[in-house]
Amino acid sequence: MKFLLFILGCFCLLGTAKAQLPLRRVLVNGKPASITSISQPIQLAAANNDLVLDFEASTTHDSIFYFYRIPSINQAWSQSLYPSAHYQNLSGGRYTFEIYAQSKNHKTPVATLSLEVKEAFWQKWWFWPSIAVYILLVVGIGIYLFFLYDFRQKLKLQSIRNQIASDLHDEVGANLNSIAIFVELLRQKVKDNPALLPILERITSNSEETVTLMRDTVWAINPTNDSTEKLVEKMRFFGIEILSAKNIAFTFDNQLDLKKEYFSMEQRRNLYLVYKEAINNIAKHALATKTTCTLTSKNGSVEIHIIDNGVGFDLSQTFEGNGLKNFKLRSQEELLNVSVRSQKGIGTQVTIQILLG
């Protein structure tokens with residue numbers, strides 16, 4: 001930027017004459033600059049953040065002090081022994097620089113000089129609103145992509161679950177039913193060898209239990225059953241079906257909010273299998289007349305209490321079968337605890353606690 005030297009005043013402090021201090025030079029970022037007219041301000045780009053204004057020193061021999069200021073920055077006058085002012089990092093806008101000299105007996109008029117600093121783009125009124133809009137846009141896109149990814153993952157998971165349920169039902173179920181049929185045919189043909197009948201009975205029983213377990217697994221992974229209401233209804237129906245056949249009165253008390261989703265697919269499956277094992281044990285071994293099942297939610301967990309008034313048993317004894325083993329195995333699952341309390345002649349209580357994530 002080219003500048004011409006312009007004299008704001010033509011006289012120094014001489015005797016009683018009073019004249020403005022003449023401008024000697026302007027340095028912008030260490031380079032000389034000038035002005036073309038007293039009516040035109042010195043133009044500074046946004047990057048020109050170092051400004052030096054030098055005025056002609058007084059030729060009088062008196063002690064001279066120079067006073068200068070930019071009123072919009074500081075109303076107080078700065079005092080100096082030298083007719084020079086230095087400014088850095090001026091924000092965008094218009095400024096008026098003022099300076100005068102004063103000795104013991106004399107004072108010059110205030111010399112003024114206009115400055116105009118162009119605003120950087122980050123100083124424009126629209127800059128920060130634009131940044132805010134940009135951030136909101138980026139966050140919005142991020143949230144949209146997250147939910148889109150989550151939705152696609154859920155669709156993928158549902159497709160896999162549907163495929164597994166279909167394969168289990170069609171292939172495994174068909175094979176197990178075939179085994180049961182073949183065993184029945186063998187039973188009819190080995191009447192002359194009664195020793196084989198218990199083995200066939202065991203095969204038939206295991207096949208039937210496997211079919212039931214497979215059906216329960218298919219039910220658990222079926223996405224159409226992902227609701228507390230369907231789980232509770234299945235538990236209630238199974239308890240009534242099994243215990244009523246043994247003339248055991250069954251009370252099912254649900255205190256859960258059926259519209260609220262408490263469990264994951266794995267939790268729902270494990271809960272139902274433990275519940276089913278407990279009901280079957282009561283039907284087979286408890287010799288009870290009354291059973292109560294209560295479902296409650298408290299302190300960040302869901303608890304299911306299954307209580308019977310049967311004969312009970314000694315927990316320290318070893319029993320055949322997989323009932324207690326299954327309870328212990330299920331209790332090792334994450335966020336699932338199973339506890340059994342029993343006393344001979346009083347009954348048994350099975351508590352299932354599921355910690356909600």
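The values are calculated or read from the model by the stated rules, or taken from the named source; none is laboratory data. All figures in this text were calculated on a predicted structure; none of them were measured in a lab. Virtual Cβ from ideal backbone geometry, glycine too; neighbours counted across all protein chains shown. Calculation scope for accessible area: heavy atoms of the full protein, side chains included, ligands and nucleic acids excluded. Shrake-Rupley method; radii C 1.70, N 1.55, O 1.52, S 1.80 Å.
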Within segment 243-286, the residues whose backbone N lies under 16 Å from a label point placed 7 Å from the Cα of V311 along the Cα-to-Cβ direction are 281-286
Rounded to a whole %, the carbon-and-sulfur portion of the accessible area of segment 202-289 at a 1.4 Å probe is 51
Among N281, F250, S227, the residue whose Cα sits farthest towards the positive end of the charge dipole of segment 226-281, when +1 is placed on the Cβ of each Lys and Arg and -1 on the Cβ of each Asp and Glu, is N281
Phi-derived 3J(HN,Hα) across segment 108-124 with the Karplus relation (6.51, -1.76, 1.60, θ = phi - 60°), rounded Hz, x for Gly and Pro, is 7, x, 6, 8, 10, 9, 8, 10, 9, 9, 6, 6, 6, 4, 6, 9, 5
Subtracting the Cα-Cα distance of V139 and L355 from 0.36 nm times their residue separation yields 74.5 nm
In terms of the alpha carbon gyration tensor, root eigenvalues a ≥ b ≥ c, rounded if a/c is under 1.5 and otherwise prolate when a/b exceeds b/c or oblate, segment 182-243 is prolate
With all protein chains in place and a 1.4 Å probe, M265 shows an accessible area in Å² (nearest 10) of 60
Ordering W219, W125, W77 by the accessible surface of their heavy atoms, 1.4 Å probe, largest first, yields W125, W77, W219
In whole Hz, the Karplus estimates of ³J(HN,Hα) for segment 76-85 (6.51, -1.76, 1.60; θ = phi - 60°; x where Gly or Pro) are 6, 7, 8, 10, 8, 8, 10, x, 9, 10
Here the FRET efficiency for V232 versus Q153, based on Cβ atoms and R0 = 45 Å and rounded to 0.05, is 0.95
Restricting to lysines and to Cα separations under 28 Å from K107, and discarding same-chain partners fewer than 8 apart, the set is K18
